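Student: This is the structure I want to talk about, given as C-alpha cells.
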Amino acid sequence: MNDHTQTKWQTPTEWANWLFAQDCTFLKSVEKLENLPAYNLTEIAFAGRSNVGKSTLINALTNRKTLARASNTPGRTQMLNFFRLHDELVLVDMPGYGYAEAPKALVAKWQKLVRQYLLGRPTLKRVYVLIDSRHGIKTNDREIMKMLDETAVSYQVVLTKLDKISEAALKKVTAETEAELQKHGAAFPILGITSSEKRVGIEQLRVEMAKLCPRYETFGFEEI
Ligand SMILES: Nc1nc2c(ncn2[C@@H]2O[C@H](COP(=O)(O)OP(=O)(O)OP(=O)(O)O)[C@@H](O)[C@H]2O)c(=O)[nH]1
Ligand SMILES: [Mg+2]
C-alpha cells in the first residue's frame with residue numbers, strides 16, 4: 001500500500017482538478033524562436049487547424065472564460081502563447097494551420113515557427129492535436145502528425161466540438177480517426193473526445209496532463 005497521508009489528494013482526478021483550479025497566468029507571446037521562454041517547466045502544446053477550438057479548450061481546462069483568446073474569426077491566435085499553470089505546467093496555445101484567407105507570407109512564417117518549436121523544444125512533453133469532429137483528419141493534420149511521428153514528443157489526437165454533431169456522426173468519425181491513429185507510431189492510442197461547450201472530456205484531459213507534472217510520481221497513486 002502506498003502512503004497517501006503526505007498529500008492532500010487521494011486520486012489522480014482530485015490532484016488534476018485541484019491543479020487546474022490554481023492560478024494560471026499569461027506568460028508570454030512569442031513570434032520568434034529566439035524569444036522562447038527559458039525554464040525547466042513541463043510544456044504541453046495545443047495544435048490544430050484554425051478555428052478547431054484550441055484556445056477555447058485551454059479556457060475550459062483552466063475553467064476561465066478569457067485566458068486564451070478565442071474567437072469566431074479564424075487565425076485569431078497568431079503567436080505561440082505561453083500560460084503558466086501554478087509553477088507546475090506551461091500550456092502553449094499555438095497558431096492554427098489551414099487558414100485559407102491568411103496572407104501566404106504570414107502562413108509561411110507561422111508554419112516555420114510551429115515546426116521549429118515542435119521539433120526542438122526539450123521542455124515540450126506532450127502535444128494535443130485537435131481535430132474538429134465535424135471534419136475529421138485533413139491533409140494538414142496528417143502533415144503535422146507525420147512530423148510529430150519523427151520527433152521524440154508524444155502526442156494525442158483530440159476530437160473537438162462533439163456537441164455539434166449527432167451521435168451517429170460521432171461514432172463514424174471516432175472509428176475513422178482511431179483507424180488512422182494506428183498508422184502513427186508516436187500517437188497516444190486513445191482518442192480524446194471533447195466538447196468545451198458542454199464540458200465533456202475535459203476532466204479526463206486534465207488528469208492526463210496532471211500526470212505529466214514531474215512531482216506526480218512522488219504522490220504514489222496506484223494506477224487503476
Ligand atoms: N459548439 C462548440 N463550439 C466551440 C467549441 N470549442 C470551440 N468552439 C467555438 O469555435 C470557435 C473557434 O474557437 P477557438 O478556440 O478560437 O479556435 P482556435 O483553434 O483557437 O482558432 P485559431 O486561434 O484561429 O487557431 C469559437 O467560436 C468557439 O466558441 C465546442 O466544444 N463546442
Ligand atoms: Mg486560438
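Computed from the coordinates by the stated procedures, all read-outs in this text should not be read as laboratory data. Nothing here was measured: the structure is a model prediction, and the numbers come from that model. Every residue, glycine as well, gets a Cβ built from its backbone with ideal geometry; the counts of neighbours run over all protein chains shown.
Student: Ranking 41, 159 by Cβ neighbours within 10 Å, fewest first, what do you get?
Tutor: Working: 41 17, 159 26.
Starting with the residue having the fewest Cβ neighbours, the order is 41, 159.
Student: What is the local net charge at residue 182, summed over the other residues whose Cβ is closer than 13 Å to its Cβ (Lys, Arg +1; Asp, Glu -1)? Mind dumping the intermediate values first?
Tutor: Details: positive: 183; negative: 149, 176, 178, 180.
It works out to a net charge of -3.
Student: Oh, and also: Expressed as a whole percent, how much of the Cα-Cα distance distribution for region 61-106 exceeds 16 Å? Spell out each step's value before the answer.
Tutor: Values: 481 of 1035 pairs.
I get 46 percent for the Cα pairs in region 61-106 exceeding 16 Å.
Student: Pull up all non-local amide H partners of residue 131: gap of 5 or more, or a different chain, and H-to-H distance under 5 Å with H placed in the peptide plane.
Tutor: Amide H to amide H, under 5 Å and 5 or more residues apart or across chains, residue 131 pairs with 158, 159, 160.
Student: Ranking 86, 184 by Cβ neighbours within 10 Å, fewest first, what do you get?
Tutor: Details: 86 14, 184 17.
Fewest-to-most Cβ neighbours within 10 Å comes out as 86, 184.
Student: Moving on. For region 116-132, what does the Karplus curve 6.51 cos²θ - 1.76 cosθ + 1.60, with θ = phi - 60°, yield as ³J(HN,Hα) per residue in whole Hz, taken in order and with x for Gly and Pro?
Tutor: 3J(HN,Hα) across region 116-132, in whole Hz: 4, 5, 5, 7, x, 10, x, 7, 7, 9, 7, 10, 9, 9, 8, 10, 5.
Student: Which of 29, 133, 71 moves most in a GNM of the chain, Cα contacts under 10 Å?
Tutor: 71
Student: Counting only residues 5 or more places away or on other chains, whose amide H sits under 5 Å from the amide H of residue 68 once H atoms are built in the peptide plane?
Tutor: Amide H to amide H, under 5 Å and 5 or more residues apart or across chains, residue 68 pairs with 59.
Student: Among 50, 66, 77, pick out the residue whose Cα is farthest towards the positive end of the charge dipole of region 30-85, where Lys and Arg carry +1 and Asp and Glu carry -1 on C-beta, about the Cα centre.
Tutor: It is 66.
Student: Taking 0.36 nm per intervening residue step and subtracting the Cα-Cα distance, what contour gain separates residue 9 from residue 169 on full extension?
Tutor: Working: separation 160, 0.36 × 160 = 57.60 nm, distance 3.80 nm.
Roughly 53.8 nm would be gained on extension.
Student: Placing +1 at every Lys and Arg Cβ and -1 at every Asp and Glu Cβ, with all other atoms neutral, what dipole size does region 155-224 have around its Cα centre, in debye to the nearest 20?
Tutor: Numbers: 10 positive and 11 negative charges, 52 e Å.
For region 155-224, the charge dipole is close to 240 debye.
Student: Please give the Cα centre distance for region 184-224 versus region 82-110, rounded to the nearest Å.
Tutor: Cα centroid to Cα centroid, the span is 22 Å.
Student: Continuing with this model, one more query. Determine, for 14, 180, the number of other Cβ atoms within 10 Å of each Cβ, and report the residues in order from fewest to most.
Tutor: Listing 14, 180 from fewest to most nearby Cβ atoms yields 14, 180.
Student: Can you find, among 214, 37, 140, the residue sitting farthest towards the positive end of the charge dipole of region 12-219, where Lys and Arg contribute +1 and Asp and Glu -1 at Cβ?
Tutor: Among 214, 37, 140, the one farthest towards the positive end of the dipole of region 12-219 is 140.
Student: Give me a comma-separated list of calculated 3J(HN,Hα) values for region 21-38, in order, Karplus coefficients 6.51, -1.76, 1.60 applied at θ = phi - 60°, integers in Hz, x for any Gly or Pro.
Tutor: Once θ is set to phi - 60°, the couplings for region 21-38 become 8, 7, 4, 10, 10, 5, 9, 5, 10, 10, 10, 10, 4, 4, 9, 4, x, 9 Hz.
Student: Now, a different point. Say the dipole of region 12-219 comes from +1 at the beta carbon of Lys and Arg and -1 at that of Asp and Glu; which of 166, 194, 156 then lies farthest toward its positive end?
Tutor: Going by the Cα projections, it comes out as 166.
Student: Expressed as a rounded percentage, what relative contact order does the chain have, with Cα pairs under 8 Å and six or more residues apart? Write out the running numbers ahead of the final one.
Tutor: Numbers: 385 pairs, mean separation 55.7, N = 224.
The value is 25 percent.
Student: Once Rh for the chain is found with the Kirkwood sum over Cα pairs, what is the Stokes-Einstein diffusion coefficient at 37 °C and 0.692 mPa s, in µm²/s?
Tutor: On the way: Rh = 18.0 Å.
Here the translational diffusion coefficient equals 183 µm²/s.
Student: So, one more: What is the sum of charges, Lys and Arg at +1 and Asp and Glu at -1, for the other residues whose Cβ falls under 13 Å from the Cβ of residue 60?
Tutor: Working: positive: 54, 64, 65, 161, 198, 199, 206; negative: 93, 163, 197, 203.
Surrounding charge for residue 60 is +3.
Student: Still on this structure, please answer the following. Rg and Dmax of region 1-88 over Cα atoms: what are they, in angstrom?
Tutor: Expressed in Å, the Cα Rg and Dmax of region 1-88 come to 15.7, 52.
Student: To the nearest 20 Debye, how big is the dipole of the chain about its Cα centre, given +1 on the beta carbon of each Lys and Arg and -1 on that of each Asp and Glu? Spell out each step's value before the answer.
Tutor: Working: 31 positive and 26 negative charges, 184 e Å.
The dipole magnitude comes to about 880 debye.
Student: State the Cα centre-to-centre distance between region 11-43 and region 58-81 in whole Å.
Tutor: 14
Student: Right, another one. When the Karplus curve 6.51 cos²θ - 1.76 cosθ + 1.60 is applied with θ = phi - 60°, which whole-Hz ³J(HN,Hα) does each residue of region 205-219 get, with x for Gly and Pro?
Tutor: Per residue, the Karplus-derived 3J(HN,Hα) values read 5, 4, 4, 4, 6, 5, 6, 7, 5, x, 7, 4, 4, 6, 6 Hz.
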